[in-house]
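Notes follow the structure.
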Amino acid sequence: MQHGPAVRRRKLGAELRALRTSAGLTSGEAARLVGWHQSKVSRIETGASGVKPADVRLLLDVYAVADAQLRELLLVLAGSDEGGGRHHWWHAYRGVLPPTYRDFISLESQASAMSTLETSVVPGLLQTPAYARAVTRAAVGGLDDERLDALVEVRLARQDVLRSDPPLELSAVLDEAVLRREIGGPGIMAQQLDRLLEAARLPQVRLQVLPFAAGAHVGVTGPFVIFSFSSTSDLDVVVLDHLTSSLYLERKEDLRAYTEAFNTLQIHALSPEDSLDYIAGISDGA
């Protein structure tokens with residue numbers, strides 16, 4: 001797969017097609033302006049083939065795209081190593097991370113907001129080092145210490161998005177099972193609950209607990225993540241994790257369904273203030 005995973009190729013192509021249309025150009029006219037065959041523009045826009053960052057830059061210039069944030073995002077989707085921002089650090093772990101995980105991190109690093117339902121474990125962005133190590137060891141069997149250390153480093157490095165300027169806006173709904181499931185032993189779990197209390201007080205984090213008393217809910221089918229982008233909603237995506245792969249849902253009807261589901265979960269969950277008290281009570285052994 002050339003120049004990045006499929007989800008990024010498709011999203012990049014769709015956005016370039018929209019920008020071309022806004023510029024009042026046909027694919028043939030755009031191709032002539034950059035000296036390509038029309039079929040190359042079509043393959044890029046459909047995500048059928050990869051595209052180099054330099055080619056994306058050419059198209060953005062032709063389409064007169066001046067928005068620096070949007071330009072940077074699209075270049076990152078094309079695999080660019082240039083520029084600042086909160087991205088590219090994971091390239092050092094290419095030999096450790098599968099393509100789907102690299103794709104997830106690249107989207108996370110550029111998203112403006114992330115909404116997540118977790119039903120089993122604490123979200124990776126809020127995990128302590130010891131908890132992350134215990135979860136990783138349990139989830140990926142047969143790891144040697146070196147590879148385990150690298151995966152934990154990646155998990156912790158991802159958390160920088162919450163400290164960036166601007167930070168990622170994180171909205172998380174945690175099933176009570178996440179708080180009750182003892183991972184790594186009581187000491188590690190106590191530290192993890194304290195970390196949740198600390199994170200929940202950050203202005204960029206909205207943390208809510210869905211208690212067992214809420215009964216059955218729309219999230220019983222499993223956890224999910226919604227990435228949102230301030231530059232354009234066309235890049236928004238839902239991610240569903242499986243044991244050996246991740247599924248990316250990009251259709252507007254899927255995004256609408258999962259957004260509505262998340263909003264419903266927030267309504268049925270405890271308020272952020274009550275969630276803090278609930279977590280503190282569990283931490284104190286209540």
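The values are calculated or read from the model by the stated rules, or taken from the named source; none is laboratory data. Because the structure is predicted, anything quoted here is derived from the model rather than measured. Cβ: placed from backbone, ideal geometry, glycine included. Neighbour counts: every protein chain shown. SASA here: full protein model, heavy atoms, side chains in, ligands and nucleic acids out. Shrake-Rupley method; radii C 1.70, N 1.55, O 1.52, S 1.80 Å.
Worth pointing out:
- Solvent-accessible area of K11 with every protein chain in place, 1.4 Å probe, in Å² to the nearest 10: 10 Å²
- With Cα atoms, 0 to 90° folded angle of helix 53-62 axis to the chain main axis: 60 degrees
- Spin-label model distance (nm) - A68 vs A48, 7 Å beyond Cα toward Cβ: 3.7 nm
- Rounded to 5, the percent of DSSP beta bridges in segment 162-286 classed as antiparallel: 55 percent
- Lysines whose Cα lies under 17 Å from that of K252, excluding same-chain neighbours fewer than 8 positions away: K11
- Helix 129-139 and the longest principal axis of the Cα set of the chain meet at an angle near 80°.
- Accessible-area order (highest first, 1.4 angstrom probe) of the listed residues R158, R147: R147, R158
- Degrees, to the nearest 10: 68-77 long Cα axis against longest axis of the chain: 80 degrees
- Computed in the context of the full set of protein chains, the accessible area of the chain at 1.4 Å probe radius has 52% of its extent on carbon or sulfur.
- Note that segment 4-50 presents 45 Å² accessible area per residue, ligands and nucleic acids not counted, probe 1.4 Å.
- Beta bridges per DSSP with both ends in the chain, % antiparallel, nearest 5: 50 percent
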